[in-house]
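Structure first, then comments.
The values are calculated or read from the model by the stated rules, or taken from the named source; none is laboratory data. Source: prediction; values computed, not measured. With ideal geometry, Cβ positions are generated from the backbone for all residues, glycine too; neighbour counts draw on all protein chains shown. Ligands, DNA and RNA are stripped out before the accessible areas are found, and what is left, the full protein with its side chains, is counted by its heavy atoms. Shrake-Rupley method; radii C 1.70, N 1.55, O 1.52, S 1.80 Å.
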Amino acid sequence: MNSTPASVLEDGHRELVDAFESFVRRELVPLAAELPETADLPPADLRAYVRKRSAALGFYAGDYPEELGGSGMPFTAVVLLHHAAGRSGCALAPYALAGSDGPSPLLRHGTPEQVEKYLVPLVRGTSARCLALTEPQAGSDAFRLTTTAVRDGDGWVISGRKTFVSNADRADLALVVTATDLGDGPTVGATAFALPMDTPGLRIGQRYEGMSGEPMFELVLEQVRVPMDAVIGGPEGVGAAMALAMDSLSRGRLVVAAMCNGVAEYALRLGVEYARERQAFGERIGAYQHVQEHLVRSRAEVEAAKLLTLACARLVDEGTEAPENAALAKLTSSETAVRVVDRSLQVHGATGWVRGHPLEFLYRYVRMMTIIEGTSEVQKVIVARAMGLG
């Protein structure tokens, strides 16, 4: 048994994690070694290959039922796999697990026809999707929607703009969340629609380049006409998107937390290895107390974040999906990852700052983790309200 505190909660799925790590070492590390050193983002066709290969092995969307193409594994195991992907240091490992391009818990609430048509290909890795929720004037207030679906006879007409949409350029399907106008009064909450990307009137607008090389896009919807059966969940899904999205948001935040913990552990390992080898003023730099302070404090914070995330994942498996738990884990893990990467880069000095060094990329990569799936400030609001403070 591993002697780290987090191993108390990790060992239950050790065999599965070992199998995934073996897959990463055996198949993904050699592929990643062929990528240019200065490339931040692997090519789309390579990412698609990794997704399909991982799905065939049962890792990609493992918490989905076997009849949909998953492995039926508990959510705790999914969290551990994302942690393993982050700590591997392999640029392709995160694409072996379902993220913003994979199956959405929103589609768990779909009609049987929607599940067969959209969810099954996503679970099996043969298609990809994007989520169009954020709007230009809303940001963190994600459900302040101006994009509106208006009831029109036996269908809907959707008009509006979405921004910061990941995967739009390679998605087959867009999940679009809109305000809902039934035509006989005020809007009635948010509704989620499943729209194939080739739907007339739906197009990609502006492209944004992120710090870590990951592009995001604007989606423009101009009088997009869709049938009634485009509503996720059918008639009962009209106006119900906010409620349907809660488990999606909570699980997504725990997955982000797990990836952050893995990245932080990898960065800490790089820092420790460098401190053991680098000589300065006649000593290994790891012998200096200032360097030890960086690394020991980082280890303490990483272990605490891992334990919190794993405990929250276990509660999900036991039927407790409290939004404040996911918010605490995501807040703690994302901010820990930023601090740990920063300290490890400080230990490396100029070596870690050079373009092409893993820490140079991670320094840019982890910064977005305190923003995606709800900023740190939003997570604090969720926790404060659960404490009766808001």
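Numbers for the structure displayed
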{"quantity": "Single residue of region 93-114 satisfying the filter (within 28 Å of residue 11 (Cα to Cα) and assigned to a loop (DSSP other than H, G, I, E, B)) that is modelled with the highest pLDDT", "calculated": "97"}
{"quantity": "Members of region 119-161 that are over 16 Å from residue 201 (Cβ atoms) and not in a loop (DSSP other than H, G, I, E, B)", "calculated": "119, 120, 121, 122, 123, 129, 130, 131, 151"}
{"quantity": "Condition check for residue 44: over 20 Å from residue 172 (Cα atoms), at pLDDT below 95 and out of contact with any Ser or Thr (no Cβ under 6 Å at 6 or more places or on another chain)", "calculated": "no"}
{"quantity": "Whichever residue in region 211-221 is under 13 Å from residue 169 (Cβ atoms) and not hydrophobic (A, V, I, L, M, F, W, C) and, among such residues, is modelled with the lowest pLDDT", "calculated": "214"}
{"quantity": "Failed item, numbered, when residue 221 is tested on (1) assigned to a helix (DSSP H, G or I); (2) crowded, with 20+ Cβ neighbours inside 10 Å", "calculated": "(1)"}
{"quantity": "Residue 272 surrounded by fewer than 20 Cβ atoms within 10 Å (Cβ to Cβ) and either of a type in the set (Phe, Trp, Tyr) or assigned to a helix (DSSP H, G or I) (or both)", "calculated": "yes"}
{"quantity": "Cross-chain or 6+ apart pairs with Cβ under 7 Å, region 362-390 first and within 19 Å of residue 252 (Cβ to Cβ) and touching a residue at least 24 places away in the same chain (Cβ under 8 Å), then of a type in the set (A, V, I, L, M, F, W, C) and exposed (fewer than 15 other Cβ atoms within 10 Å of the Cβ)", "calculated": "367/211; 368/211"}
{"quantity": "First in region 229-255 and under 28 Å from residue 155 (Cα atoms) and polar (S, T, N, Q), second anywhere and open to solvent by 10 Å² or more (accessible area, probe 1.4 Å) and not in a helix (DSSP H, G or I), Cβ under 9 Å, 6 or more apart", "calculated": "248/131"}
{"quantity": "Residue identified as open to solvent by less than 30 Å² (accessible area, probe 1.4 Å), more than 20 Å from residue 132 (Cβ to Cβ) and assigned to a helix (DSSP H, G or I) among 262, 213, 252", "calculated": "262"}
{"quantity": "Single residue of 327, 300 found to be surrounded by fewer than 16 Cβ atoms within 10 Å (Cβ to Cβ) and at pLDDT 95 or above", "calculated": "300"}
{"quantity": "Selection count, region 177-204, where residues are part of a strand (DSSP E or B) and modelled with pLDDT of 95 or more", "calculated": "7"}
{"quantity": "Selection within region 334-378 - open to solvent by less than 30 Å² (accessible area, probe 1.4 Å), part of a helix (DSSP H, G or I) and over 22 Å from residue 37 (Cβ atoms)", "calculated": "334, 336, 337, 340, 369, 370, 376"}
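Residues checked against (1) without any contact (Cβ under 8 Å) to a residue 40 or more places away in the chain; (2) crowded, with 18+ Cβ neighbours inside 10 Å:
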{"site": "97", "(1), (2)": "no, yes"}
{"site": "107", "(1), (2)": "no, yes"}
{"site": "112", "(1), (2)": "yes, no"}
{"site": "120", "(1), (2)": "no, yes"}
{"site": "126", "(1), (2)": "no, no"}
{"site": "130", "(1), (2)": "no, yes"}
{"site": "135", "(1), (2)": "yes, yes"}
{"site": "152", "(1), (2)": "no, no"}
